[in-house]
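The values are calculated or read from the model by the stated rules, or taken from the named source; none is laboratory data. None of these values were measured; they are calculated from a predicted model. Here the Cβ positions follow ideal geometry from the backbone for every residue, glycine too, while neighbour counts run over all protein chains shown.
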Amino acid sequence: MQLFVSTTFASPEPSELEDVLGLIKHLGFDGVELGSTHKWQPDLVDVVRRQGSTRWLSHNFFPPAPESDFVINIASTEGGKRRASLDHVKKCIEFASSINAELYTVHPGFLAQSIRPNNDGKGANGYDFNFSGNIAKREKAFDILVDSLSSLTSVARGCDVRLAIETEGSLTNPQSLLIQTPEDFAQLFDAIPNDLWINFNLAHTSLAATLYGFSVRDFISKFASRMAAAEISHYEGKRDEHLPLNDRSWVIKWLEHLPDVPLILEFRNATVNDLMSSRDIMRRHSTHGKIKN
């Protein structure tokens with residue numbers, strides 16, 4: 001099993017990357033996903049390199065922008081927001097290359113015309129977004145997304161970094177999301193057949209499957225060859241709560257179906273003890289032949 005941990009776990013507020021990396025350095029994970037919940041600072045490359053040898057993945061808003069209210073939307077129908085998003089994502093890909101990251105993941109965009117961070121200090125939901133009521137037409141946003149990803153795959157190839165999009169899904173605000181169903185992904189991969197991967201967020205896709213009535217197992221089977229990583233977290237209600245695992249978690253039944261890719265514990269407002277407990281649960285339940293120990 002390739003077991004990774006996301007740095008998003010530490011706090012509902014923007015955190016110092018070096019502090020978080022210090023907490024997880026000796027926990028025995030195979031690698032680290034640099035998450036979207038850190039303070040901007042000019043020397044983040046040096047912060048990462050000082051950690052020594054490990055495997056790195058980089059996610060969406062890492063490194064962060066100096067502007068705290070900036071949110072990436074590469075499918076935005078507002079030209080200024082799209083250009084700013086593309087400029088920032090290109091910098092993120094270049095950063096990923098500079099630290100020899102294996103993968104950079106970007107969110108595939110939103111249909112909402114304006115979004116802002118909701119860093120209100122409310123625990124696991126502190127990095128969810130507020131969406132405006134002005135929803136773009138899907139066809140237009142999809143065409144913009146394809147154009148954006150076509151440009152970004154070229155940048156990623158030049159930087160020798162794999163580019164992935166994260167799976168989306170919501171029961172509370174699905175109308176703001178662009179790429180949720182198997183049909184959405186099939187359409188996207190028809191438009192961009194090469195050099196684009198999936199970071200499979202199990203919680204997001206499970207929520208989307210509940211709403212749209214498709215099979216998570218069929219989704220995994222159909223797109224397994226496209227999956228470069230999978231993000232793992234528990235939820236109990238109707239939203240992605242980014243909770244640690246427990247021995248009764250519904251997540252466990254899916255482990256044997258996932259391909260042999262980095263499995264990333266992606267929690268929010270969790271403790272080091274939560275990480276260690278979830279790490280041990282994953283290892284206890286990872287005996288299926290598809291997952292290598």
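For this structure, a couple of remarks:
- Count of the stretch 1-45 residues which are assigned to a loop (DSSP other than H, G, I, E, B), polar (S, T, N, Q) and at pLDDT 90 or above: 2
- Taken over the stretch 170-184, the criterion of being touching a Ser or Thr at 6+ places or on another chain (Cβ under 8 Å) and free of Cβ contacts under 8 Å to residues at least 60 places away in the same chain is satisfied by GLN180 alone.
- In this structure, ALA209 does not qualify as within 19 Å of ALA141 (Cβ to Cβ) and surrounded by fewer than 21 Cβ atoms within 10 Å (Cβ to Cβ).
- Beta carbons closer than 9 Å, at least 6 apart along the sequence or on distinct chains, pair a first residue in the stretch 139-164 that is within 14 Å of SER97 (Cα to Cα) and without any contact (Cβ under 8 Å) to a residue 24 or more places away in the chain with a second that is aliphatic (A, V, I, L, M) and surrounded by 19 or more Cβ atoms within 10 Å (Cβ to Cβ) for GLY158/ILE93.
- Pair list, Cβ under 6 Å, 6 or more apart: the stretch 232-261 residue within 18 Å of LEU211 (Cα to Cα), other residue among the polar types (S, T, N, Q): HIS234/SER249; ARG239/THR172
- Residues within the stretch 47-67 that are more than 23 Å from LEU152 (Cα to Cα) and surrounded by 11 or more Cβ atoms within 10 Å (Cβ to Cβ), tallied: 5
- Across the stretch 49-75, the number of residues qualifying as touching a Leu at 6+ places or on another chain (Cβ under 7 Å) and either aliphatic (A, V, I, L, M) or more than 17 Å from ALA96 (Cβ to Cβ) (or both) comes to 3.
- Counting the residues of the stretch 197-250 that are at pLDDT below 95 and among the hydrophobic types (A, V, I, L, M, F, W, C) gives 0.
- Selection within the stretch 190-244 - in contact with a Lys or Arg (Cβ under 7 Å, 6 or more places away or on another chain) and closer than 27 Å to ASP160 by Cβ: ASP195, TRP197, ILE198, ALA228
- Qualifying residue in the stretch 96-106 (condition: closer than 26 Å to PHE189 by Cβ, at pLDDT 95 or above, assigned to a helix (DSSP H, G or I) and in contact with a strand residue (DSSP E or B) (Cβ under 8 Å, 6 or more places away or on another chain)): yes
- The condition of being surrounded by 14 or more Cβ atoms within 10 Å (Cβ to Cβ), under 26 Å from PRO12 (Cβ atoms) and of a type outside the set (Ser, Thr, Tyr) holds for only one of GLU236, GLU241, that being GLU241.
- Test: residue in the stretch 68-88 that is closer than 18 Å to ARG268 by Cα and either in contact (Cβ under 8 Å) with a residue 60 or more places away in the chain or not aromatic (Phe, Trp, Tyr) (or both): no
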